[in-house]
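Participant: Would you mind keeping the following structure in view while I ask a few things?
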Amino acid sequence: MKKCFRCKNRIANDASFCPVCGVDFTRLSEPNSLVIPTLKKMATSPLYLACAIAYTCQIVFSICSLIWDRASVISMLQEYLGSGSASLEMSMAVNSLSQNFSEIDVAFFLAYIPTILMSVGIWMLFLSAKNETNDTLNPSGLTFVKVSTIISIVCLILTTLFVEFIFFILAWAFKGIADDLSSVVVTLMVMFAVFMVFPIFMYIKVVTTVNTMKRTIQTKVPSYKVSVFVAVMSIVSGAGQIILLLNSISLFSVLSSVSMAVACIGFGVFLFRYRKEMQMLMAGNIQQDGYTMK
């Protein structure tokens with residue numbers, strides 16, 4: 001027995017149509033002439049455009065926040081040094097920290113490479129869908145999103161392994177000397193590993209979702225099998241960004257959190273809409289004129 005994708009009723013595995021809602025399963029493997037127009041309409045919709053703008057603004061505001069916060073910290077440190085209250089050791093440490101800000105900036109920008117690549121991919125998809133002289137949709141933007149996501153997965157895995165290695169060394173060092181402290185380190189090691197599983201799993205599901213979308217564009221056969229987990233977690237992440245507003249220390253930090261919240265919630269809603277549109281295409285319930293649902 002299998003479930004009908006539309007009404008969720010159980011039907012025979014070899015059924016050619018659903019006896020409850022009437023979906024014709026024999027049509028699901030045939031290219032649909034409305035797939036590309038529907039996808040182009042979605043990729044140029046106000047919802048998608050708002051997400052693209054918000055995601056790009058988040059990158060810009062994050063960079064501005066870094067520059068602004070750095071300038072504020074340097075100004076505060078210089079004011080402290082100028083007051084004559086700092087010791088010689090403190091002055092040397094502050095000067096060293098100020099000189100090392102450039103290295104911190106480089107590391108920050110390198111960490112933002114996947115995010116920038118994803119933003120490029122999002123806009124490439126929008127521009128391809130906006131091109132009215134072409135009846136096709138270029139999936140190159142989705143390739144950028146996929147590559148950036150894979151980079152993020154690799155970075156998360158490497159970070160997890162590095163931190164777990166540090167925890168392991170600490171636990172081994174405390175073993176036999178401070179067993180209670182060693183147990184605490186082991187507990188933290190396990191908690192961190194479990195915590196990191198969720199973003200890694202989410203990014204993996206993002207890759208599978210992007211693959212589904214690319215396959216739909218290339219074959220023109222609709223598929224609604226995009227990850228609900230990714231959609232839900234995007235909305236949850238957006239809500240989390242709103243909570244982070246409480247800890248924002250500058251205007252740019254606030255704008256960055258607001259932009260990321262809009263982008264995450266918007267993309268989550270977009271994925272749910274995508275599933276619904278593909279289900280309607282598969283059920284044959286999209287009208288030719290205007291591509292509106294019955």
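Participant: Can you give me the distance in nm between label points at V269 and Q218, each placed 7 Å from the Cα along the Cα-to-Cβ direction?
Facilitator: 3.2
Participant: Please give the Cα centre distance for segment 37-53 versus segment 166-224, rounded to the nearest Å.
Facilitator: 31
Participant: Moving on to the next point. Once the Cβ-Cβ distance between F17 and I151 is put in as r, and R0 is 45 Å, what FRET efficiency do you end up with, to the nearest 0.05?
Facilitator: 0.55
Participant: Also, I was wondering about something else. Let me make sure I get this right: for segment 179-269, a, b and c are the square roots of the gyration tensor eigenvalues over alpha carbons, sorted descending. Under 1.5 in a/c it's rounded, otherwise prolate if a/b > b/c, else oblate. Which is it?
Facilitator: It comes out oblate by the Cα gyration axes.
Participant: What order do you get for K175, K220, K146 when you list them from fewest to most C-beta neighbours inside 10 Å? If you can, show how the numbers build up before the last one.
Facilitator: Numbers: K175 14, K220 17, K146 22.
Ascending Cβ contact count within 10 Å gives the list K175, K220, K146.
Participant: Among 258-268, 52-62, what's the highest-first ranking by average C-beta atoms within 10 angstrom per residue? Please list the in-between numbers first.
Facilitator: Details: 258-268: 22.1, 52-62: 19.1.
The densest-packed peptide leads the list: 258-268, 52-62.
Participant: Could you work out how much longer the chain between I200 and K175 gets when fully extended? Use 0.36 nm per residue separation minus the Cα distance between them, nm to one decimal.
Facilitator: Taking I200 through K175 to full extension adds about 5.9 nm, to one decimal.
Participant: With a 10 Å Cβ neighbour count serving as the proxy for reagent exposure, in which order, fewest first, do M191, M282 appear?
Facilitator: M191, M282
Participant: Separate question: Any of K130/K205; K41/K205; K146/K225 with alpha carbons more than 22 Å apart? Name them for me. The partial results should precede the final answer.
Facilitator: Details: K130/K205 27 Å; K41/K205 24 Å; K146/K225 17 Å.
In this structure, K130/K205; K41/K205 lie more than 22 Å apart at Cα.
Values in this text are rule-based calculations from the coordinates and carry no lab data. It should be emphasised that the depicted structure is a prediction, and the values quoted were computed from it without experimental measurement. So basically every Cβ, Gly included, is an ideal-geometry build from the backbone, and we count neighbours across all protein chains shown.
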